[in-house]
Amino acid sequence: MKRFLLGTILFLIVLLAAVLTLGLWNANGNLLDFIAGQIEPEPKNLQRDISVKGGTSSYTVNVSVDTSKAIAQTSPEYLSFAIDMSQVNGGKWWNPQAQQTEMGSGTVNAPIFDFNRPKLDTLARALAPAYLRIGGSESDKAYYDLKTDSAFATTIPAKYQSEMTRKEWDAVNAFAKRNNLQIVFTLNAGPGSRNGDGSWNSANAAELMAYTARQDYPVAVWELGNELNIFWFVHGLGAQVSLDQYAQDLRAARSLANQSTPAARFAGQGSAFWPLLGEPLSFLYGYMPGYLARSGALVDHVSWHYYPQQSRRGPIASRRAYPSRLLDPKNLDEAGYWADKLKQWRDQYAPGKPIWLGETGNAQFGGEPGLSDAYLGGLWWLDELGLLARKDHAVVVRQTLSGSDYGMIDDQTLEPRPDYWNSLLWKRLMGTRVYATQKSGEQSGKLRVYAHATANDESNSVTILATNLDDKRDAMVSFSGFGNRNYQVYAMNAPDILGTMVQLNGRELRLVNDQTLPDLQGVSHDASATPTITIHPLSYSFVVFPNK
């Protein structure tokens, strides 16, 4: 009996080790990293007023910028955003209560999104030019009913789980047209769109494209399917589409798009990449390199999806969301690790095609309440924008403009959250030309620095974004090479790092009224031999050095 028990225990240990080894196949880390991702990291008790109060000590960093040439170039629509298909058509989405784990793409029906709100127009228009992506898991469940003006179709064909009516599609496009947005639309590649032999049935997509062309709607990009690498998780094991079948589907969809809307571009799916794991269970369901090897020539850009942590709603996580999680530079840098992988595959299979991060947010599964919608989450958002611009990404699409905990705007009140203001400042200050930076100083790893040509003034004007990740010490930041130039500082902080208020140079950012944004003015500083600023703990500043 003892021998049997010992053998059983040994077998289970070996089986567990094998499962974990396969689960971490192609991962950016090991089992210890996975375990660490389940535990709240230090520091567990951040001082909530440290951003305005300032540190009790400081560290010194010198920053230099090489403006002799750009190392990357983004598109004017670099910072773009999404409204989930679930919001458009009332499909399944994340429970706002966030009191239990949720499978698939959520457990409650989202309220139909109201695109006809003047305050929303004011906020969205200020972020233009941008792409508005209509995507998410619900995209692979939706049937397009374009035959009636009714709010709801009478019947939905078999295997579809929701519908998008003509009225809903009209509302999306009217909103985009009013606010100088271009639409990226994810076509259904899920079970409902499949023929009996598993091939893609293009009939419903053809109806949508034909109607869109007749109405002259601003669809800039059609993409086929959302995260096909995790169809097994969202739609069930039997729904997984083979790489060869998907290549055939893409050829059919590309031909249809060329005929119906020849001015629109075409893209394939963006695989879901998880922190640490990359494509989950990649030894079985890895999709990105195989998809590009077969179909890289068919698509106009290469897209991928990434969230740096998972919220409490997720049934499984490779890195659970906690306030201190994304204050670790290693965790922030992981987006760059996977971006390098995408660039390698792009260069091999789709050379010259732009790379998009087609979906991202502070935390997967709807965002983490009290964190993804708070000031502290903004340190991650601006860092990811800076990091991926440096990695030569053309576009980054934020999930969402408004909706759930990761939305940049509270959808009920339409009050801008901190990341809306961060996004607005990025648009106003950070241009498309990206410059290399260097840092020196004993603790320089806690200071994140990015430099771009200043937006709308891309000759010799430079804007530097510097973020202090240290939770206790001020950063004393000096800038070499900018002596004898006046400069402006846009210092950002908050009285409560886990609150929703953000301050610019000590003044709370808020709308003047529903149609008027506040002035976003920096504080001017006279020229000095070596310009130096102080950045409080868990705070950040944009520093603009105008033309000489």
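Regarding the range 85-158, what is the average projected area of its C-alpha convex hull, in nm²? Could the numbers behind the result be given before it?
Working: hull surface 28.0 nm².
Taking the Cα atoms of the range 85-158, their convex hull projects to 7.0 nm² on average.
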Problem set entry | For the range 349-444, size of Cβ-based charge dipole, Lys and Arg +1, Asp and Glu -1, in debye | 640 debye
For this session: Restricting things to alpha carbons, tell me how big the range 335-439 is in terms of Rg and Dmax, in Å.
Result: 14.9, 47
Problem set entry | Average projection area in nm² (convex hull over Cα atoms of the range 127-240, one quarter of hull surface) | 7.5 nm²
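In deg cm²/dmol, rounded to 500, what helix-only [θ] at 222 nm does the chain give when every DSSP H run of at least 4 residues adds -39500 (n - 2.57) and the total is split over its residues? Please list the in-between numbers first.
Working: 14 runs with 152 residues, N = 548.
Value at 222 nm, helices only, nearest 500: -8500 deg cm²/dmol.
Please report the antiparallel percentage of DSSP beta bridges with both residues in the chain, rounded to the nearest 5.
On the way: 47 of 95 bridges.
Restricted to the chain, the bridges split so that about 50 percent are antiparallel.
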Problem set entry | 5 angstrom amide H check on MET164, placed H, neighbours 5+ away | TYR143, TYR144, ASP145
Exercise. Based only on the alpha carbon positions, what is the Kirkwood hydrodynamic radius of the range 268-314, in angstrom?
Worked result: 11.8 Å
For this session: Express as a percent, rounded to the nearest 5, the fraction of DSSP beta bridges in the range 124-211 (both residues included) that run antiparallel.
Result: 10 percent
Problem set entry | HN-Hα J in Hz across the range 65-82 - Karplus 6.51, -1.76, 1.60, θ = phi - 60°, x for Gly and Pro | 10, 8, 9, 5, 7, 7, 8, 6, 9, 8, 8, x, 8, 3, 8, 10, 8, 10
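Would you mind ranking PHE283, PHE479, PHE115, PHE34 by Cβ crowding within 10 Å, fewest neighbours first? Mind dumping the intermediate values first?
On the way: PHE283 12, PHE479 25, PHE115 21, PHE34 18.
Arranged by neighbour count, lowest to highest, PHE283, PHE479, PHE115, PHE34 become PHE283, PHE34, PHE115, PHE479.
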Seminar exercise, completed: Which residues qualify? For GLY403, with a placed amide H closer than 5 Å and at least 5 residues away or on another chain, they are MET408, ILE409, ASP411
For this session: Select from ALA317, TRP338, PRO537 the residue farthest towards the positive end of the dipole of the chain; place +1 on Cβ of Lys and Arg, -1 on Cβ of Asp and Glu, and compute about the Cα centre.
Result: TRP338
Exercise. What nm value, rounded to one decimal, do you get for the distance between ALA263 and ALA203 when each label is placed 7 Å out toward the C-beta?
Worked result: 3.0 nm
Seminar exercise, completed: Candidate span helices, the chain: DSSP H, at least 15 Å along axis from Cα coords, Kyte-Doolittle average at least -1.0, result 2-23, 203-215, 243-260, 377-390, 418-429
Exercise. Lys/Arg Cβ at +1, Asp/Glu Cβ at -1, dipole of the chain taken about the Cα centre: which of THR148, VAL302, PRO111 is farthest positive-ward?
Worked result: VAL302
Exercise. What is the log10 of I(q)/I(0) for the range 236-301, computed with the Debye formula using one identical point scatterer on each Cα and no solvent, at q = 0.13, 0.14 Å⁻¹?
Worked result: -0.42, -0.48
Problem set entry | Electrostatic dipole magnitude of the chain [Cβ: Lys, Arg +1; Asp, Glu -1; Cα centre; debye, to 20] | 620 debye
Exercise. When the gyration tensor of the range 185-332 is built from Cα positions, what are the square roots of 5 times its three eigenvalues, in whole Å, from largest to smallest?
Worked result: 31, 18, 14
Problem set entry | Dmax and Rg, reported as Rg then Dmax, of the chain (C-alpha, Å) | 23.7, 84
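Hey, got the dipole for the range 429-496? About the Cα centre, +1 on K and R Cβ, -1 on D and E Cβ, debye to the nearest 20?
Details: 7 positive and 7 negative charges, 35 e Å.
Here the size comes out at about 160 debye.
Read-outs: derived from the displayed coordinates by stated rules, not from any lab. The structure displayed is predicted, hence computed values, not measured ones. All Cβ positions, glycine included, derive from the backbone under ideal geometry; neighbour counts span all protein chains shown.
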